[in-house]
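What follows is a single structure, written as structure tokens, with notes after it.
Where a number appears in this text, it was derived from the coordinates with a stated rule and is not lab data. If you're wondering where the values come from, they're calculated on a predicted model, not measured in any experiment. All Cβ positions, glycine included, derive from the backbone under ideal geometry; neighbour counts span all protein chains shown.
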Amino acid sequence: MAAVEIVLFDVFAFSGMFLLVIVILTAWGLPATVPRSATWFTFLISSLLASIIVVLIVGRQTGPEPMKILCDMQAILVKSVEVW
């Protein structure tokens, strides 16, 4: 994989995580005049967890292999926190 593609992936992963945090905090802090279901919050939080899991190996995509425990942990978490 080219270095540009890896950097773009990292930028998109962190951008998505940052935007999800902004949306969750904004929705949480606004008055309850706009009804939001618990399912909506659950979906957003699970999306945030999926984004966090994706960035576990940022910076380790090239070069020597990352630690085995990190790869195992990411594989387990990716399968347990599927958003869609």
Checklist entry - So if we plug the beta-carbon distance of Cys71 and Ala13 into 1/(1 + (r/R0)^6) with R0 = 25 Å, what FRET efficiency do we get, rounded to 0.05? => result 0.90
Checklist entry - Under the definition of Cα pairs under 8 Å and six or more residues apart, what whole-number percent is the relative contact order of the chain? => result 35 percent
Checklist entry - What does the highest-first list of 40-51, 3-14 look like by mean Cβ count within 10 Å? => result 40-51, 3-14
Item to check | Derived scalar couplings ³J(HN,Hα) [the stretch 24-41; Karplus, 6.51 cos²θ - 1.76 cosθ + 1.60; whole Hz; x for Gly, Pro] | outcome: 5, 5, 5, 5, 6, x, 6, x, 7, 5, 9, x, 10, 7, 5, 5, 5, 5
Checklist outcome for this item: Debye calc, one equal point scatterer per Cα of the chain, no solvent, log10 I(q)/I(0) at q = 0.15, 0.21 1/Å comes to -0.66, -1.03
